[in-house]
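**Q** Handing you a structure now.
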Amino acid sequence: MADNNKMSREEADRKGGETTSKNHDKEFYQEIGQKGGEATSKNHDKEFYQEIGEKGGEATSKNHDKEFYQEIGEKGGEATSENHDKEFYQEIGRKGGEATSKNHDKEFYQEIGSKGGNARNND
């Protein structure tokens with residue numbers, strides 16, 4: 001406790017959080033999270049989300065190794081495959097191919113083709 005038998009703000013916040021968590025269930029937190037997310041989305045633009053995503057990604061990369069990213073990638077891939085069919089993958093493949101073709105020139109395709117050929121020859 002702080003001086004004069006007064007609780008510090010940090011201690012009061014912690015106790016309040018503990019009391020709240022005892023009095024509310026998962027649905028309560030989901031609901032307030034949804035409301036907070038909706039309010040935030042009304043007050044911020046695309047750049048805000050890009051910036052916080054970048055900061056979060058940087059912080060995460062400092063705390064995790066290659067295996068962590070392999071594991072979450074595998075889990076995400078499994079979850080996606082359970083929820084989508086062949087047509088979904090055809091569509092995202094088509095969109096990815098179109099986006100790539102807009103951003104790269106002939107030399108790019110020659111280079112990746114050469115790398116692919118070399119990789120096959122090394123197998």
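Laboratory data are not the source of any read-out in this text; all were calculated from the coordinates shown. Predicted model only: the values in this text are computed from it and were never measured.
**Q** For the range 39-123, place one equal point scatterer on every Cα, skip the solvent, and apply the Debye formula. What is log10 of I(q)/I(0) at q = 0.22 Å⁻¹?
**A** Values, matching the q order: -1.08.
**Q** Let me ask something additional. Taking only the alpha carbons of the range 8-63, what extent do you get along each of the three principal axes, in Å, biggest first?
**A** That works out to 36, 28, 21 Å along the principal axes.
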